[in-house]
1. Does ALA122 satisfy the condition of being free of Cβ contacts under 8 Å to residues at least 24 places away in the same chain and out of contact with any strand residue (DSSP E or B) (no Cβ under 7 Å at 6 or more places or on another chain)?
2. Which of the residues belonging to the stretch 91-110 are within 18 Å of TYR155 (Cβ to Cβ) and surrounded by 14 or more Cβ atoms within 10 Å (Cβ to Cβ)?
3. For the stretch 21-54, what are the residues that are on the phi < 0 side of the Ramachandran plot and free of Cβ contacts under 8 Å to residues at least 12 places away in the same chain?
4. Only residues that are surrounded by 15 or more Cβ atoms within 10 Å (Cβ to Cβ), assigned to a helix (DSSP H, G or I) and not polar (S, T, N, Q): list them for the stretch 124-156, please.
5. How about the stretch 9-35: which of its residues are out of contact with any helix residue (DSSP H, G or I) (no Cβ under 7 Å at 6 or more places or on another chain) and modelled with pLDDT under 90?
6. Of all residues in the stretch 157-184 being modelled with pLDDT of 95 or more and small (Gly, Ala, Ser), which is surrounded by the fewest Cβ atoms within 10 Å (Cβ to Cβ)?
7. Considering only residues that are more than 16 Å from HIS75 (Cβ to Cβ) and of a type in the set (S, T, N, Q), look in the stretch 36-56 and name the one that is modelled with the highest pLDDT.
8. For the stretch 72-90, which residues satisfy the criterion of being buried (at least 16 other Cβ atoms within 10 Å of the Cβ) and either under 17 Å from ILE23 (Cβ atoms) or among the hydrophobic types (A, V, I, L, M, F, W, C) (or both)?
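The values are calculated or read from the model by the stated rules, or taken from the named source; none is laboratory data. Computed from a prediction, not measured in an experiment: that's the story for all the values here. Using ideal geometry, Cβ is built from the backbone for each residue, glycine included, and neighbour counts are taken over all protein chains shown.
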Amino acid sequence: MKAPHSYEEALQIARESVQAIDIKDASSRTGGEILSGKYLKIPFFHIFTFARFSPYEFHTEPETNSPLIETVLLHYISNARPIGPGEEWITFKELPSGIFYYHSFQQRSECRIEELFQKDFARTEKKIQEMGGRKQEDFSYVFTPLPRILLKLVYVPPDEEFPGQAILFFDNASHLHLPSEDLAGISEWMTDFLENQP
């Protein structure tokens, strides 16, 4: 999932396929905003993405130069349905095919987030808020990575008997807009931001 050549190939396919999509239809399905009749503006966490289908252009504000973001956004533009987020929370392993990639998902996202909380709770919570995380009860935070997808992070602090744990949940309609590997990519990008941003 993380190999550069894999994303390059997926990105090229996505760039080609999106050029045949009607921008008004895409706006209706994704919840994106049409600008100047030719750009589709879609928020990705705290970042704004801008896609022009033909001739193809893509950029973000602030600039990210992230093939992962571009690939995920193009898949979202191609696959999103005109329905809102689901009303229930499910774990990654409950997503279609998620059980097969769950160990990798844990290592690349949940375990790293747990370490960040234990290393510096205040900094991690500050970074969560910077990328649009809304604090719920105790140590629970809800994100809107894309207009029709919700992501929930729950941190369980360690105690005398059990180690700490970070658990990521998705709304139960998220897989209708993106395949599980892209939802994993969203989670890993979020983890990278929490870990690497100063």
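1. The answer is yes for ALA122.
2. Residues satisfying the conditions are THR91, PHE92, PHE105, GLN106, ARG108, SER109, GLU110.
3. Within the stretch 21-54, ASP22, LYS24, ASP25, GLU33, ILE34, LYS41 qualify.
4. The first filter runs over the stretch 124-156 and keeps only residues surrounded by 15 or more Cβ atoms within 10 Å (Cβ to Cβ), leaving 124-125, 127-128, 131-133, 139-156.
Cutting the leftovers down to assigned to a helix (DSSP H, G or I) gives us 124-125, 127-128.
Those that are surrounded by 15 or more Cβ atoms within 10 Å (Cβ to Cβ), assigned to a helix (DSSP H, G or I) and not polar (S, T, N, Q): GLU125, LYS127, ILE128.
5. Hit for the stretch 9-35 is GLU9, nothing else.
6. The residue in question is ALA173.
7. Here the answer is SER36.
8. VAL72, LEU73, LEU74, HIS75, TYR76, ILE77, SER78, ALA80, TRP89, ILE90
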